[in-house]
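Heads up: the structure comes next, in structure tokens.
The values are calculated or read from the model by the stated rules, or taken from the named source; none is laboratory data. This structure is a prediction, so every number in the text was calculated from the model and none was measured. FYI the Cβ positions are ideal-geometry reconstructions off the backbone, even for glycines, and counts take in every protein chain you see.
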Amino acid sequence: MTPLEHAIMTRMEMNEANDCSVLALAMACRIDYHLSHVALKMAGRKNRQGVFPEHIKKATEHLGFTLGPVIRPKQANGSKYTPRTIAEQFPAGRYLAFSRGHVFALVDGEVRDWHKGRRYHIIKVQEVKE
């Protein structure tokens with residue numbers, strides 16, 4: 001079972017929803033879903049509710065990681081990247097990619113999210129550093 005499959009199974013056991021930030025943080029930091037859930041709860045997340053980027057930053061710091069500077073990637077033609085196209089831009093490293101109302105992990109050029117093939121426009125990307 002992959003880490004993503006394990007996290008999704010844990011999510012279902014916990015009856016969670018609106019938890020893309022929990023999953024993204026778990027995947028980007030390579031930690032267990034439960035630990036990510038607790039860190040975001042300490043940062044102000046309520047069960048079954050989304051969060052603001054400030055909560056993600058605070059939770060990341062609680063876990064001993066830092067977020068790099070904001071990157072606003074655009075393709076050569078000026079259009080924004082999507083989960084389908086962003087991986088080629090970031091082939092190595094661990095990142096959080098934000099779109100409007102959603103966040104997902106980008107780990108070593110692979111989208112780690114259940115919305116893998118969606119066409120959400122990516123607004124910003126931040127590297128997760130230890």
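Among the residues of the stretch 109-121, what is the count of those that are more than 11 Å from the chain's Cα centre (by Cα) and within 23 Å of GLU61 (Cβ to Cβ)?
Residues meeting the conditions: 0.
Would you check which residues across the stretch 61-84 are out of contact with any helix residue (DSSP H, G or I) (no Cβ under 8 Å at 6 or more places or on another chain) and either hydrophobic (A, V, I, L, M, F, W, C) or more than 18 Å from VAL128 (Cα to Cα) (or both) and list them? Explain how you work it out, then say what you get.
Kept after step one, since they are out of contact with any helix residue (DSSP H, G or I) (no Cβ under 8 Å at 6 or more places or on another chain), are these residues of the stretch 61-84: 61, 64, 68-72, 74-80, 82-84.
Passing the criteria: VAL70, ILE71, LYS74, GLN75, ALA76, ASN77, GLY78, SER79, LYS80, THR82, ARG84.
Which ones in the stretch 71-105 are among the hydrophobic types (A, V, I, L, M, F, W, C) and without any contact (Cβ under 8 Å) to a residue 24 or more places away in the chain?
ALA76, ALA92
Does any residue of the stretch 35-47 turn out to be closer than 18 Å to ILE123 by Cβ and at pLDDT below 95?
If we filter the stretch 35-47 for residues that are closer than 18 Å to ILE123 by Cβ, which is where we start, we get none.
Taking every residue of the stretch 35-47 in turn, none turns out to be closer than 18 Å to ILE123 by Cβ and at pLDDT below 95.
Could you tell me whether the stretch 51-60 includes any residue that is modelled with pLDDT under 95 and under 11 Å from the mean Cα position of the chain (by Cα)?
Scanning the stretch 51-60, I find at least one residue that is modelled with pLDDT under 95 and under 11 Å from the mean Cα position of the chain (by Cα), so the answer is yes.
If we keep just the residues of the stretch 4-25 that are free of Cβ contacts under 8 Å to residues at least 40 places away in the same chain and buried (at least 18 other Cβ atoms within 10 Å of the Cβ), which is nearest to ALA59 (Cα to Cα)?
Looking at the filtered set, the residue picked out is VAL22.
Output the number of the condition that LYS58 fails; it satisfies all remaining conditions of (1) closer than 19 Å to ILE8 by Cα; (2) touching a helix residue (DSSP H, G or I) at 6+ places or on another chain (Cβ under 9 Å).
(1)
Before we move on, is ALA97 surrounded by 13 or more Cβ atoms within 10 Å (Cβ to Cβ), more than 15 Å from the chain's Cα centre (by Cα), among the aliphatic types (A, V, I, L, M) and at pLDDT 95 or above? Break it down stepwise before answering.
Working: surrounded by 13 or more Cβ atoms within 10 Å (Cβ to Cβ): yes; more than 15 Å from the chain's Cα centre (by Cα): no; among the aliphatic types (A, V, I, L, M): yes; at pLDDT 95 or above: yes.
Considered against the rule, which asks whether it is surrounded by 13 or more Cβ atoms within 10 Å (Cβ to Cβ), more than 15 Å from the chain's Cα centre (by Cα), among the aliphatic types (A, V, I, L, M) and at pLDDT 95 or above, ALA97 comes out as no.
Suppose we filter the stretch 27-38 for residues that are within 13 Å of LYS57 (Cα to Cα) and either buried (at least 24 other Cβ atoms within 10 Å of the Cβ) or among the β-branched types (Val, Ile, Thr) (or both); how many remain?
Of the residues in the stretch 27-38, 2 are within 13 Å of LYS57 (Cα to Cα) and either buried (at least 24 other Cβ atoms within 10 Å of the Cβ) or among the β-branched types (Val, Ile, Thr) (or both).
Return only the number of the condition from (1) touching a Pro at 6+ places or on another chain (Cβ under 7 Å); (2) crowded, with 21+ Cβ neighbours inside 10 Å that ARG118 does not satisfy.
For ARG118, the failing item is (2).
I'm trying to understand the selection: among the residues of the stretch 49-61, which are surrounded by 15 or more Cβ atoms within 10 Å (Cβ to Cβ) and either closer than 21 Å to GLY109 by Cβ or not charged (D, E, K, R) (or both)?
GLY50, VAL51, PRO53, HIS55, ILE56, ALA59, THR60
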